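The values are calculated or read from the model by the stated rules, or taken from the named source; none is laboratory data. All values derive from a computational prediction rather than experimental measurement. Every residue, glycine among them, receives a Cβ derived from its backbone with ideal geometry; neighbour counts consider all protein chains shown. Surface accessibility is based on the protein's heavy atoms, side chains included, excluding ligands, DNA and RNA. Shrake-Rupley method; radii C 1.70, N 1.55, O 1.52, S 1.80 Å.
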Amino acid sequence: MLGEDVKRTGGQADDHELPDRATVSGEWPRRSWRELALDAAVLFGLAGVAVTQPVLELFGQNPTFFVAGGYGRRQIVAFSAVVAVVPALVVWLVTALPGLVHKHAGAALHCLGVAALGALFGLLLSRAWGVEGVVTAFAIAVTIGLGVSFAEWRWRSVRQFLGLLAAGNLAFLLLFLVASPTSELLRGDSYGDVGTVHIPPLDGPVTIVVLDEFPLSTIVRADGTINEVRFPNLASLAAESTWFRDAATESVLTPDSVPSILTGLVHDSGDSPILSDHPRNYFTLFGRSYPVHRYERITNLCPPDACGRPPAQPLAQALDDAELVYQHRVLPARLRERLPAVDQAWGQFADDVGEISTPDTAPSAEDRGGPYQKLHDVSEEDNSVPGQLNALVRQARLIDGNPSINFIHVLVPHVPYVLTPWGTTAIDTWDQKEMPQPGEPGYERIFAERFALQAMQTGAVDQAIGEVVDHLKRVGAWDPGTFVLLSDHGKTTWAADRPGQAALPGSGRDLTDETQDDLLRIPLFIKAPGQMEGEVRDDPASTIDVLPSLVDVLEIEVDWTFDGHSLFDGSEPSADRLLTSELEDLYDHLARKQEAFPHGEDWVAIAAIGDLGDLVGTAVSDHSVGRPSELSWSLDHRDALDDPSSTNGKVPVLMTGTVSGANGEPPDLVVAIDDQIAGTIGGYRRQDGAWQFSGILGPPGARGEGEKVVAYEVDRAADEVVLHPLAIG
């Protein structure tokens with residue numbers, strides 16, 4: 001009988017099937033401590049490949065996550081230990097405790113635990129194989145999970161091999177702590193000798209403002225001038241400072257670009273955005289000679305003795321974020337779409353877990369209070385795009401007329417595009433919607449709409465810059481002070497710049513010959529102390545030139561070596577720029593983009609998209625109103641136009657809804673708000689027997705005004721325009 005048991009279990013009789021002496025005495029058989037220890041090793045081995053390795057690899061390659069969260073060395077170590085230990089420990093406790101009471105119940109639960117961890121590993125394999133269907137991915141995962149569980153139960157060699165994998169779990173933990181980019185954060189705040197620096201007495205404050213994801217092409221006309229109609233404060237800044245029109249960034253990633261601004265050095269791929277990797281920077285240049293006010297986002301380059309230590313987020317927050325990233329890592333596409341995006345936060349996780357899109361069902365970024373909202377040195381009210389804009393103005397108000405060192409980095413006009421120049425907030429943005437693919441209806445129109453939303457958000461930033469400059473002038477800090485405004489990098493929202501151009505991915509960060517004018521060209525304004533008149537310079541400039549230029553205009557003596565050079569001393573650049581296009585290429589790019597908005601330069605014209613764009617801004621009473629259309633329509637968030645206060649000032653700047661009653665695809669329509677045509681709608685996509693549309697709502701609707709909202713079908717006969725009102729469907 002004993003021989004038969006051993007034969008049936010392939011040699012595992014001592015682990016699973018041998019009669020327990022407790023059975024003879026009438027007691028319940030229990031699993032031995034030896035069995036439970038091997039169970040633990042198996043579970044830790046499986047958890048290592050299913051959880052520990054993918055999570056610690058992702059976070060090990062993204063030290064910016066910990067920098068931005070203000071997490072200290074103890075928290076980073078604790079985070080990695082929890083990831084490596086807790087998942088397997090929880091499964092083991094759930095399965096081991098019943099085994100202490102009844103052997104077979106514990107064995108059965110252990111098999112379920114093995115199957116669960118094996119299924120997680122199966123989901124990882126499904127993603128690696130490119131399987132995105134929910135049913136297929138879970139079928140693969142369940143098959144692998146059950147297969148691993150059966151093999152572990154059936155064959156001793158498999159059980160022993162899985163037990164040996166527990167050493168791999170420890171190895172993954174050690175690699176994270178010793179050899180990953182994040183391990184650099186465990187080496188302390190030491191930054192060594194900063195060399196010889198002599199600073200003449202400052203007459204006023206020195207201020208660097210870094211905006212985020214701000215392409216120059218958003219604010220410039222095709223002739224290279226700033227559109228002062230939409231962006232009056234940036235145009236005024238150009239009239240009082242030196243505007244380097246041919247300025248470019250050296251990276252499309254914030255953790256690389258901001259250190260380059262603050263050090264004057266080209267980013268090294270092995271560096272993290274921390275003080276120990278960038279000891280000679282804007283903050284250490286001035287040492288403790290002057291008070292420092294900094295709002296440092298994503299990076300942490302200021303010495304604690306000058307800036308203090310930022311408040312760290314609780315470890316529970318990091319674990320919540322890790323859970324979200326892991327879900328993005330293992331789940332198929334349809335389930336990932338329901339998760340908060342991870343590509344708008346500090347880490348560059350989108351490159352590792354896949355491109356992220358967020359549909360209508362997901363909460364908007366400014367409403368979401370869960371993972372990825374606890375940012376470094378950021379109060380709760382700052383965890384939104386409007387909050388970031390408020391932070392810019394609030395931080396600037398700390399500056400007075402006395403000499404001080406100031407640095408402000410805010411995530412605007414970074415996506416999502418929800419702000420308008422009038423203080424209202426968009427309810428929906430294209431960053432929260434499933435993007436149409438090339439060849440699908442609405443593909444070309446959507447990029448014009450995205451540019452319009454980007455421009456509106458930049459208009460809100462323009463208003464904030466006006467408030468900042470006004471404050472500095474009011475407190476006497478402008479004339480004697482030094483002021484720098486630039487962006488870390490740009491962003492492209494455009495497609496089909498040239499016939500046959502490939503589609504742009506949703507991240508807008510792929511650097512190609514077609515995208516570089518949007519991604520690399522940035523605004524750069526430098527106002528030197530005592531400067532009274534503006535100047536436009538077209539000689540090449542770069543983010544690595546900012547700090548050398550400050551050293552020059554402030555007459556600082558320093559023995560530092562820069563990759564950049566002063567833009568004011570007549571020297572030539574010694575480093576090649578990442579940007580390869582010429583200014584003429586930029587102007588050609590702007591001319592093609594302007595073709596989509598041919599009806600003016602004001603905010604009304606930004607909503608004039610498509611063949612009916614010439615009607616936007618005109619009054620309904622300027623045209624004939626004919627019989628009702630056979631079509632009907634519904635506008636999402638229609639009630640918000642009647643009472644924006646009911647939605648906290650949010651309005652449907654991006655109009656979405658459906659049109660019904662058409663035999664085929666409906667024509668483009670116009671939408672009127674209180675007798676004024678405020679936008680066009682089109683870009684139809686079939687949805688549940690109706691046609692889903694999109695469009696941009698210009699003033700007055702985007703200001704939150706309007707009680708009468710009507711869509712019209714348009715007939716043109718000779719010089720007459722006939723509007724046919726649609727019924728509400």
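Would you pick out the residues in region 691-712 that are within 11 Å of VAL659 (Cα to Cα) and open to solvent by 10 Å² or more (accessible area, probe 1.4 Å)?
Pass one, region 691-712, residues within 11 Å of VAL659 (Cα to Cα): 691-694, 711.
The answer is TRP691, GLN692.
Residues in region 341-364: is at least one open to solvent by less than 20 Å² (accessible area, probe 1.4 Å), among the aromatic types (Phe, Trp, Tyr) and at pLDDT below 85?
yes
For region 193-210, name all the residues that are loosely packed, with under 13 Cβ neighbours inside 10 Å and part of a loop (DSSP other than H, G, I, E, B).
Here is the first cut: in region 193-210, the residues loosely packed, with under 13 Cβ neighbours inside 10 Å are 193, 196, 198, 200-201.
Scanning region 193-210 gives ASP193, THR196, PRO200, PRO201.
Looking only at region 683-729, which residues are under 18 Å from ARG445 (Cα atoms) and touching a strand residue (DSSP E or B) at 6+ places or on another chain (Cβ under 6 Å)?
Hits for region 683-729 are GLY683, TYR684, ARG685, TRP691, GLN692, PHE693, SER694, GLY695, ILE696, LEU697, GLY698.
Taking the condition touching a Ser or Thr at 6+ places or on another chain (Cβ under 8 Å) and hydrophobic (A, V, I, L, M, F, W, C), does ILE140 pass? Outline the logic, then answer.
Numbers: touching a Ser or Thr at 6+ places or on another chain (Cβ under 8 Å): yes; hydrophobic (A, V, I, L, M, F, W, C): yes.
For ILE140, the condition - touching a Ser or Thr at 6+ places or on another chain (Cβ under 8 Å) and hydrophobic (A, V, I, L, M, F, W, C) - is met.
How many residues does region 639-680 contain that are open to solvent by 30 Å² or more (accessible area, probe 1.4 Å) and under 33 Å from the mean Cα position of the chain (by Cα)?
Qualifying residue count, region 639-680: 10.
Which residues, taken from region 666-686, are outside any strand (DSSP E or B) and under 17 Å from SER632 (Cβ atoms)? Outline the logic, then answer.
First, the residues of region 666-686 that are outside any strand (DSSP E or B): 666-668, 674-675.
Residues satisfying the conditions are PRO666, PRO667, ASP668.
Suppose we filter GLY564, GLY570 for residues that are farther than 19 Å from ILE199 by Cα and touching a Pro at 6+ places or on another chain (Cβ under 9 Å); which single one remains?
Numbers: GLY570 fails: touching a Pro at 6+ places or on another chain (Cβ under 9 Å).
Result: GLY564 is the single residue among GLY564, GLY570 that is farther than 19 Å from ILE199 by Cα and touching a Pro at 6+ places or on another chain (Cβ under 9 Å).
Here are GLY106, GLY168, GLY147: which of them is surrounded by fewer than 18 Cβ atoms within 10 Å (Cβ to Cβ) and more than 29 Å from THR64 (Cα to Cα)? Explain how you work it out, then say what you get.
Numbers: GLY106 fails: surrounded by fewer than 18 Cβ atoms within 10 Å (Cβ to Cβ); GLY168 fails: more than 29 Å from THR64 (Cα to Cα).
Within the list GLY106, GLY168, GLY147, the selection yields GLY147.
Take the residues of region 31-80 that are in contact (Cβ under 8 Å) with a residue 40 or more places away in the chain and part of a loop (DSSP other than H, G, I, E, B): which is nearest to HIS104 (Cα to Cα)?
ARG31
List the pairs whose first member sits in region 128-146 and is on the phi > 0 side of the Ramachandran plot, whose second member is modelled with pLDDT of 90 or more, and whose Cβ atoms are under 7 Å apart, counting only residues at least 6 apart or on separate chains?
Within 7 Å, no pair qualifies.
Taking THR543 and the conditions (1) at pLDDT below 95; (2) open to solvent by less than 10 Å² (accessible area, probe 1.4 Å), which numbered condition does it fall short on, given that it satisfies the others?
(1)
Could you please find all residues in region 247-267 being buried (at least 21 other Cβ atoms within 10 Å of the Cβ), in a loop (DSSP other than H, G, I, E, B) and out of contact with any Ser or Thr (no Cβ under 8 Å at 6 or more places or on another chain)?
VAL252, GLY264, LEU265
Is it the case that GLU213 is acidic (Asp, Glu), without any contact (Cβ under 8 Å) to a residue 12 or more places away in the chain and either within 26 Å of ILE408 (Cα to Cα) or open to solvent by 40 Å² or more (accessible area, probe 1.4 Å) (or both)? Explain how you work it out, then say what you get.
Working: acidic (Asp, Glu): yes; without any contact (Cβ under 8 Å) to a residue 12 or more places away in the chain: no; either within 26 Å of ILE408 (Cα to Cα) or open to solvent by 40 Å² or more (accessible area, probe 1.4 Å) (or both): yes.
Criteria not met by GLU213.
Regarding region 30-42, can at least one residue be identified that is touching a Ser or Thr at 6+ places or on another chain (Cβ under 8 Å) and more than 27 Å from SER183 (Cβ to Cβ)?
First, pick out the residues of region 30-42 that are touching a Ser or Thr at 6+ places or on another chain (Cβ under 8 Å): 39.
Applying the additional criterion that residues be more than 27 Å from SER183 (Cβ to Cβ) yields 39.
Yes, region 30-42 contains at least one residue that is touching a Ser or Thr at 6+ places or on another chain (Cβ under 8 Å) and more than 27 Å from SER183 (Cβ to Cβ).
For region 16-32, does any single residue satisfy the condition of being modelled with pLDDT of 75 or more and open to solvent by less than 60 Å² (accessible area, probe 1.4 Å)? Show your work before the answer.
The first filter runs over region 16-32 and keeps only residues modelled with pLDDT of 75 or more, leaving 32.
Next cut, open to solvent by less than 60 Å² (accessible area, probe 1.4 Å) only: 32.
Checking region 16-32: at least one residue is modelled with pLDDT of 75 or more and open to solvent by less than 60 Å² (accessible area, probe 1.4 Å).
How about region 54-89: which of its residues are touching a Pro at 6+ places or on another chain (Cβ under 7 Å) and surrounded by 24 or more Cβ atoms within 10 Å (Cβ to Cβ)? Walk me through it before giving the result.
Our first condition is that a residue be touching a Pro at 6+ places or on another chain (Cβ under 7 Å); within region 54-89, this holds for 60-61, 63-64, 67, 70.
The answer is PRO63, THR64, VAL67.
Exactly one condition in (1) at pLDDT below 90; (2) under 30 Å from PRO259 (Cα atoms) is not met by LEU56; state its number.
With respect to (1) at pLDDT below 90; (2) under 30 Å from PRO259 (Cα atoms), LEU56 is out only on (1).
Just to be sure, is VAL229 crowded, with 22+ Cβ neighbours inside 10 Å and touching a residue at least 24 places away in the same chain (Cβ under 8 Å)? Break it down stepwise before answering.
Working: crowded, with 22+ Cβ neighbours inside 10 Å: no; touching a residue at least 24 places away in the same chain (Cβ under 8 Å): yes.
Considered against the rule, which asks whether it is crowded, with 22+ Cβ neighbours inside 10 Å and touching a residue at least 24 places away in the same chain (Cβ under 8 Å), VAL229 comes out as no.
Listed residues ARG592, ARG577; which is among the charged types (D, E, K, R), outside any loop (DSSP other than H, G, I, E, B) and open to solvent by less than 70 Å² (accessible area, probe 1.4 Å)?
Details: ARG577 fails: outside any loop (DSSP other than H, G, I, E, B).
Among ARG592, ARG577, only ARG592 is among the charged types (D, E, K, R), outside any loop (DSSP other than H, G, I, E, B) and open to solvent by less than 70 Å² (accessible area, probe 1.4 Å).
One line per residue, one yes/no per condition, for (1) of a type outside the set (Lys, Arg); (2) touching a His at 6+ places or on another chain (Cβ under 8 Å); (3) more than 15 Å from GLY264 (Cα to Cα):
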position	(1), (2), (3)
ALA528	yes, no, yes
THR543	yes, no, no
ASP611	yes, no, yes
GLY626	yes, yes, yes
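For region 163-185, which residues satisfy the criterion of being over 30 Å from LEU36 (Cα atoms), touching a residue at least 60 places away in the same chain (Cβ under 8 Å) and part of a helix (DSSP H, G or I)?
PRO181, THR182, SER183, GLU184, LEU185
Checking ASN663 against (1) in a loop (DSSP other than H, G, I, E, B); (2) in contact (Cβ under 8 Å) with a residue 12 or more places away in the chain; (3) more than 26 Å from ALA455 (Cβ to Cβ), which test does it fail?
Unmet condition: (2).
Out of SER190, SER236, report the one residue that is over 27 Å from the mean Cα position of the chain (by Cα), among the small types (Gly, Ala, Ser), open to solvent by 10 Å² or more (accessible area, probe 1.4 Å) and at pLDDT 95 or above.
Details: SER190 fails: at pLDDT 95 or above.
Step by step, each of SER190, SER236 is checked, and only SER236 is over 27 Å from the mean Cα position of the chain (by Cα), among the small types (Gly, Ala, Ser), open to solvent by 10 Å² or more (accessible area, probe 1.4 Å) and at pLDDT 95 or above.
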